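Below is one structure, written out as structure tokens; comments come after it.
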Amino acid sequence: MSENDSDTADNSQQPEKPHRGKGKPFEKNDPRINRFGRPKGYDEARKAAIQMLGEKIVSADKKVAATRFQMILMDWIGSRNFQKQKAALELAGFFSKANENLAMNVDLRALTNSQLERLSEGEDIYTVLLNKE
């Protein structure tokens, strides 16, 4: 075997990546800059998810009505999967990760007057957001 026949890092052939030149730098008020730190369309997707989770679902026998969020939560609590149970406990505030700070940004302009009244009376924010009554 010659010296160049060995399979070492020194003589292995790696395909070269094409060199990308530097892109055009951002200028002041450049529309490509995402100053909010979220992907485009995130806010619309979040609003749609909140709306869908708040929709009422009626059971097949038409005796029980619950929101989609409540149905998911019931599935988590009744699951044999520990991760789902833990997520339900964390959501309820009974169990949380160390150094975890939960923050919710809610646009109060999007809430109805009845929702604002319920919040001012001390009702839980999640209940208010998911039940439009």
Q) Name the pairs: first residue in segment 60-77 and under 21 Å from V128 (Cβ atoms), second residue part of a loop (DSSP other than H, G, I, E, B) and not β-branched (V, I, T), Cβ to Cβ under 7 Å, at least 6 apart or on different chains? A) T67/G54; T67/E55; T67/N131; R68/E55; F69/G54
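Based on what the data block shows, is P15 under 30 Å from L129 (Cα atoms), modelled with pLDDT under 85 and outside the structural domain of D107 (by TED's automatic domain parsing)? Outline the logic, then answer.
On the way: under 30 Å from L129 (Cα atoms): no; modelled with pLDDT under 85: yes; outside the structural domain of D107 (by TED's automatic domain parsing): yes.
No: the conditions fail for P15.
The values are calculated or read from the model by the stated rules, or taken from the named source; none is laboratory data. All figures in this text were calculated on a predicted structure; none of them were measured in a lab. A quick note on method: Cβ atoms are made from the backbone with ideal geometry, for glycine too, and the neighbour counts reach across all protein chains shown.
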